[in-house]
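The values are calculated or read from the model by the stated rules, or taken from the named source; none is laboratory data. Model, not experiment: these values are computed from the prediction. Neighbour counts run over all protein chains shown; Cβ positions are idealised from the backbone, glycine included. Accessible surface areas use protein heavy atoms only, side chains included; no ligands, DNA or RNA. Shrake-Rupley method; radii C 1.70, N 1.55, O 1.52, S 1.80 Å.
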Amino acid sequence: MLSEDTEALATGHAKQRALLVLDIAAGHLADGRVDAAFALAGRARDTGLKYRSGRIVERARAVRRTLTTTTPPKAVRDFDERLHGVYL
(Lines give C-alpha, C1' and ligand atoms only; values in the text may rest on other atoms or scores of the structure.)
Protein backbone atom coordinates (compact mmCIF):
# COMPACT_ATOMS: atom_id res chain seq x y z
CA MET A 1 0.00 0.00 0.00
CA LEU A 2 2.80 2.44 0.85
CA SER A 3 4.43 1.88 -2.53
CA GLU A 4 1.09 2.69 -4.23
CA ASP A 5 0.84 5.93 -2.23
CA THR A 6 4.40 6.85 -3.16
CA GLU A 7 3.77 6.06 -6.81
CA ALA A 8 0.59 8.16 -6.82
CA LEU A 9 2.49 11.09 -5.32
CA ALA A 10 5.09 10.90 -8.09
CA THR A 11 2.56 11.19 -10.91
CA GLY A 12 -0.42 13.30 -11.84
CA HIS A 13 -1.24 16.93 -11.44
CA ALA A 14 -0.20 18.97 -8.41
CA LYS A 15 -3.81 19.52 -7.37
CA GLN A 16 -4.56 15.79 -7.44
CA ARG A 17 -1.42 15.11 -5.42
CA ALA A 18 -2.49 17.72 -2.87
CA LEU A 19 -5.81 15.93 -2.35
CA LEU A 20 -3.99 12.63 -1.88
CA VAL A 21 -1.59 14.26 0.59
CA LEU A 22 -4.58 15.51 2.59
CA ASP A 23 -5.91 11.94 2.76
CA ILE A 24 -2.53 10.79 4.05
CA ALA A 25 -2.49 13.67 6.54
CA ALA A 26 -5.91 12.60 7.81
CA GLY A 27 -4.50 9.12 8.38
CA HIS A 28 -1.57 10.52 10.36
CA LEU A 29 -3.98 12.59 12.42
CA ALA A 30 -6.15 9.55 13.12
CA ASP A 31 -3.02 7.77 14.36
CA GLY A 32 -2.17 10.67 16.68
CA ARG A 33 0.79 11.99 14.68
CA VAL A 34 -0.33 15.62 14.78
CA ASP A 35 2.92 17.27 13.71
CA ALA A 36 3.35 14.97 10.71
CA ALA A 37 -0.31 15.41 9.76
CA PHE A 38 -0.14 19.19 9.75
CA ALA A 39 3.22 19.29 7.99
CA LEU A 40 1.60 17.38 5.12
CA ALA A 41 -1.68 19.29 5.32
CA GLY A 42 0.24 22.57 5.23
CA ARG A 43 1.98 21.62 2.00
CA ALA A 44 -1.32 20.61 0.44
CA ARG A 45 -2.96 23.82 1.68
CA ASP A 46 -0.20 25.86 0.06
CA THR A 47 -0.80 24.04 -3.23
CA GLY A 48 -4.49 24.85 -2.93
CA LEU A 49 -3.72 28.51 -2.35
CA LYS A 50 -1.25 28.60 -5.24
CA TYR A 51 -3.79 27.16 -7.66
CA ARG A 52 -6.73 28.96 -6.02
CA SER A 53 -8.46 25.62 -5.51
CA GLY A 54 -11.46 25.84 -3.24
CA ARG A 55 -11.70 22.05 -3.22
CA ILE A 56 -8.22 21.63 -1.75
CA VAL A 57 -8.67 24.45 0.77
CA GLU A 58 -12.00 23.04 1.94
CA ARG A 59 -10.50 19.56 2.28
CA ALA A 60 -7.65 21.07 4.33
CA ARG A 61 -10.23 22.74 6.57
CA ALA A 62 -12.03 19.40 6.94
CA VAL A 63 -8.80 17.75 8.09
CA ARG A 64 -8.29 20.59 10.57
CA ARG A 65 -11.81 20.20 11.98
CA THR A 66 -11.10 16.59 12.91
CA LEU A 67 -8.67 17.77 15.58
CA THR A 68 -10.47 19.17 18.58
CA THR A 69 -8.32 20.49 21.38
CA THR A 70 -8.37 23.57 23.56
CA THR A 71 -4.62 24.07 23.22
CA PRO A 72 -3.48 23.15 19.71
CA PRO A 73 0.24 22.52 19.13
CA LYS A 74 2.35 25.05 17.24
CA ALA A 75 2.05 23.17 13.95
CA VAL A 76 -1.73 23.47 14.16
CA ARG A 77 -1.64 27.14 15.15
CA ASP A 78 0.65 27.88 12.19
CA PHE A 79 -1.70 25.97 9.90
CA ASP A 80 -4.68 27.94 11.22
CA GLU A 81 -2.88 31.26 10.85
CA ARG A 82 -2.04 30.63 7.19
CA LEU A 83 -5.61 29.53 6.44
CA HIS A 84 -7.35 32.29 8.39
CA GLY A 85 -9.27 34.65 6.16
CA VAL A 86 -8.82 32.59 2.98
CA TYR A 87 -11.93 32.43 0.84
CA LEU A 88 -11.87 30.86 -2.61
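At 0.36 nm per residue, minus the direct Cα-Cα distance, what do THR68 and LEU49 gain on full extension? Give it in nm, one decimal, please.
Extra length from THR68 to LEU49 when fully extended: 4.5 nm.
When the accessible area of the chain is computed with all protein chains present and a 1.4 Å probe, what percentage of it is carbon and sulfur?
Answer for the chain: carbon and sulfur cover 52 percent of the accessible area.
Using per-residue counts of other Cβ atoms within 10 Å, averaged over each peptide, order 35-44, 68-77 from highest down. Display every interim value, and only then the final one.
Values: 35-44: 20.8, 68-77: 11.0.
Output ranking for 35-44, 68-77: 35-44, 68-77.
Explain nothing, just compute: Karplus ³J(HN,Hα) = 6.51 cos²θ - 1.76 cosθ + 1.60, θ = phi - 60°, for every residue of segment 66-81 in order, whole Hz, x for Gly and Pro.
Running phi through 6.51 cos²θ - 1.76 cosθ + 1.60 with θ = phi - 60° gives 6, 9, 10, 7, 7, 10, x, x, 4, 4, 6, 4, 5, 4, 4, 4 Hz.
Placing +1 on the Cβ of each Lys and Arg and -1 on the Cβ of each Asp and Glu in the chain, which of ALA44, LEU20, GLY85 has its Cα farthest towards the positive end of the resulting dipole?
Of the options given, the answer is GLY85.
Give the whole-number value, in cubic angstrom per residue, of the convex hull volume spanned by the C-alpha atoms of the chain.
Values: hull volume 7.3 nm³, N = 88.
Per-residue hull volume (Cα only) is 83 Å³.
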